[in-house]
Amino acid sequence: SKNINPDPQDREYSEVWPGGRTNHYWFDMNRDWLPVQLPESRARIKTFHKWYPNILTDHHEMGSNSSFFFQPGIPSRTHPLTPALNQELTKEIGTYHAA
């Protein structure tokens with residue numbers, strides 16, 4: 001994926017079944033973010049806990065004609081144990097992206 005083909009007719013954008021979103025067992029890795037049942041997901045979570053990134057954004061499936069939507073979070077749906085500082089930083093990031 002170093003040089004992405006911008007042609008919407010490219011085979012990358014119309015893969016044969018089961019497509020390129022799955023692992024060796026044809027399991028869609030995007031569906032394992034919450035249950036974290038597969039080895040790939042466990043390794044991802046282990047890496048996150050070791051690294052603690054400041055910001056995580058999801059850019060997958062963003063083609064050459066797609067826009068990016070940044071969801072800063074909705075305070076009414078925030079878990080009560082999430083620190084207030086997290087929401088303040090998220091609001092600042094959302095304001096920056098909106099500008």
Of the residues in the range 25-59, how many are more than 25 Å from Gln87 (Cβ to Cβ) and either among the acidic types (Asp, Glu) or touching a strand residue (DSSP E or B) at 6+ places or on another chain (Cβ under 9 Å) (or both)?
4
Restricting to the range 8-34, what's the tally of residues that are part of a loop (DSSP other than H, G, I, E, B), without any contact (Cβ under 8 Å) to a residue 12 or more places away in the chain and open to solvent by less than 70 Å² (accessible area, probe 1.4 Å)?
4
Return the only residue of Asp28, Asp10 being touching a Lys or Arg at 6+ places or on another chain (Cβ under 8 Å) and more than 26 Å from His97 (Cβ to Cβ).
Asp28
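The values are calculated or read from the model by the stated rules, or taken from the named source; none is laboratory data. The structure presented is a predicted model; accordingly, all values stated were derived computationally and were not measured. Note: ideal-geometry Cβ built from the backbone for every residue, glycine included; neighbour counts use all protein chains shown. Calculation scope for accessible area: heavy atoms of the full protein, side chains included, ligands and nucleic acids excluded. Shrake-Rupley method; radii C 1.70, N 1.55, O 1.52, S 1.80 Å.
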